[in-house]
Amino acid sequence: MFNIASIYPKKEGCRFDFDYYIEKHMPMSIACLSDAKGFRGVSVERGIDIEEPKLESSYFAMCHYYFDSVEDFLAAFMPHAQKLQGDIPNYTDIEPIIQISRVEITR
């Protein structure tokens, strides 16, 4: 299984509209990708800061799509790439970091 992650680092002066991301972008993204061959699941994580002890998160958000193969993900994503990537300015001015990983352990 493979994890295709979009990671949005916290940067001073940058904008990330988490409400739009959860209520608009992710439902659109899930509708486009979740019926595809090899789709296993999706998760979204929101970075949080802790006051005591002082711990600041490094990221606004991380989105993880899980597919059987990178080829399955690309076959699902590419027909929708322009639509999904074109929506990014609606929720952030941060260029996401894309990380593709082979999942070695999951429970």
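The values are calculated or read from the model by the stated rules, or taken from the named source; none is laboratory data. Given the structure is predicted, the values throughout are model-derived calculations rather than measurements. All Cβ positions, glycine included, derive from the backbone under ideal geometry; neighbour counts span all protein chains shown. Just the protein is used for accessible areas: all its heavy atoms, side chains included, with ligands, DNA and RNA removed. Shrake-Rupley method; radii C 1.70, N 1.55, O 1.52, S 1.80 Å.
Here are a few things to note about the model shown:
- Per-residue 3J(HN,Hα) values for the stretch 8-15, derived from phi via the Karplus relation 6.51 cos²θ - 1.76 cosθ + 1.60 with θ = phi - 60°, read 10, x, 6, 9, 4, x, 8, 10 Hz in sequence order (x marks Gly and Pro).
- Heavy-atom accessible surface of the stretch 22-107: percent carbon and sulfur, 1.4 Å: 52 percent
- Per-pair calculated FRET efficiency, R0 = 25 Å: Lys10 and Asp35 via Cβ, rounded to 0.05: 0.15
- Non-local Lys pairs in the chain, i.e. 8 or more apart or on different chains, that have alpha carbons under 23 Å apart: 6
- Glu71 accessible area, assembled protein chains, probe 1.4 Å, Å²: 130 Å²
- Shape call, the stretch 50-107: gyration tensor on alpha carbons, a/c limit 1.5: oblate
- Across the stretch 37-47, coupling constants 3J(HN,Hα) worked out from phi with the 6.51/-1.76/1.60 Karplus curve, θ = phi - 60°, read 4, x, 5, 10, x, 8, 9, 10, 10, 10, x Hz, and Gly and Pro carry x.
- Radius of gyration and maximum dimension Dmax of the chain, Cα, Å: 14.5, 46
- When the residues Thr92, Thr106 are ordered by accessible surface, computed with a 1.4 Å probe over the protein chains alone, the sequence from largest down reads Thr106, Thr92.
- Prolate/oblate/rounded label for the stretch 1-56 (Cα gyration tensor, a/c 1.5): prolate
- Ranking Ile50, Pro89, Met28 by how far each Cα lies toward the positive end of the dipole of the chain (charges on Cβ) leaves Met28 at the top.
- Point-charge dipole on Cβ atoms (K/R +1, D/E -1) for the chain, about Cα centre, debye to 20: 260 debye
- Per residue, the chain exposes 65 Å² of accessible surface when a 1.4 Å probe is rolled over the protein heavy atoms with every protein chain present.
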